[in-house]
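Participant: Supplied in structure tokens, the structure appears directly below.
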Amino acid sequence: MDKSIIQLIKEGEGLTIEFKRSIDSPFKIAKTIVSFANTSGGSLLIGVADHGAIMGVQSELRELQKLEKALVKLIEPELVVQIKTENLDSKKVLRVTVNESEDKPHHALNEKGERIIYIRVKDKSMPIPRLLLYNGADTETEKLLATRHVKTLITYLKETDSVTAKVFSKIINISEKRAERMLQDLAARQILLKLSKGKPESFSLKWTE
């Protein structure tokens, strides 16, 4: 059963929840939507301040127009989201529900026209390259990123769209089973994106700088 907006506000911003007082830029909203779709899905509440106060939107139409621009022009491949308007304390709040996508990775276009993959890390929408330098990474993840095998993998994925366990095992000369475990571990830590479609499973670290 869907959580109510009040429940979401009480939970606060996090991996699957983000508040926006209003949409100041379609580019920023595209980034948030893409990060939810590329990770675990989530809810974006427009008309709610960062600390959870219900502000309401001044113009529902203006917010919807910016959302439409983000969804139609700034996200590749296109995403379908659910948008609902709810009245809270006589104020209108837009609720945008984004499901985890089967077609990930999705890119968001920035103001320079660059195509970037964002994923969700805690309560932030982060591009893949910055994730690799993310200060909030735990010590174990930092050690993992520093290993020769993972460095080789990241170098390979900067040049190639995706990798399978079979290909990775050949690149670094280990068993396919061990390569699969490593890829799954990196996906669990949100360093790689697991591509849902197709067998064998493939993993991506694709972005355009």
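The values are calculated or read from the model by the stated rules, or taken from the named source; none is laboratory data. All values reported here derive from a predicted model rather than from experimental measurement. In this analysis, Cβ positions are derived from the backbone assuming ideal geometry, glycine residues included, and neighbour counts consider all displayed protein chains. We work out accessible area using only protein heavy atoms, side chains counted, and drop any ligands, DNA or RNA first. Shrake-Rupley method; radii C 1.70, N 1.55, O 1.52, S 1.80 Å.
Participant: Assign unit charges at the C-beta atoms only (+1 for Lys and Arg, -1 for Asp and Glu), then state the dipole size of the stretch 1-113 relative to its Cα centre in Debye, rounded to the nearest 20.
Facilitator: Working: 16 positive and 17 negative charges, 65 e Å.
Roughly 320 debye, rounded to the nearest 20.
Participant: Rounded to the nearest 500, what is the chain's calculated 222 nm mean residue ellipticity when only DSSP H runs of at least 4 contribute -39500 (n - 2.57) each, over all residues?
Facilitator: After summing the helix terms and dividing by the residues of the chain, the value is -11000 deg cm²/dmol.
Participant: Mind checking which of 67, 164, 107 is farthest towards the positive end of the chain's charge dipole, using Cβ charges of +1 (Lys, Arg) and -1 (Asp, Glu) about the Cα centre?
Facilitator: Final value for the positive-end residue is 164.
Participant: Ok, one more. Pick from 15, 145, 74: which is most flexible by mean-square fluctuation in a GNM of the chain where alpha carbon atoms under 10 Å apart are linked?
Facilitator: Highest fluctuation among the options: 145.
Participant: Holding the Cα-Cα limit at 31 Å, pick out from 84/122; 73/170; 124/194; 3/199; 28/177; 92/124 the pairs that are longer than that.
Facilitator: Too far apart for the 31 Å limit: 73/170; 3/199; 28/177.
Participant: Still on this structure, I have one more. Antiparallel DSSP bridges in the chain: what percent, to the nearest 5?
Facilitator: 90
Participant: Moving on to the next point. With every protein chain left in place, what is the accessible area of residue 64 in Å² (1.4 Å probe, nearest 10)?
Facilitator: 60
Participant: Given points 7 Å out from each Cα along the Cα-Cβ axis, report the residue 86 to residue 178 separation in nanometres with one decimal.
Facilitator: Result for the modelled spin labels: 5.0 nm.
Participant: I need the calculated FRET efficiency for the pair residue 111 and residue 170, taking r as the beta carbon distance and R₀ as 30 Å, to the nearest 0.05. Before the final figure, lay out each step's value.
Facilitator: Values: r = 40 Å, r/R0 = 1.34.
Between residue 111 and residue 170 the formula returns 0.15.
Participant: Name the residues of the stretch 52-85 whose amide N is less than 14 Å from a point 7 angstrom out from the Cα of residue 2 along the C-beta direction?
Facilitator: Answer for this model: 81-85.
Participant: What is the Cα centroid distance between the stretch 143-199 and the stretch 40-68, reported in whole angstrom?
Facilitator: After rounding, the separation between the Cα centres reads 37 Å.
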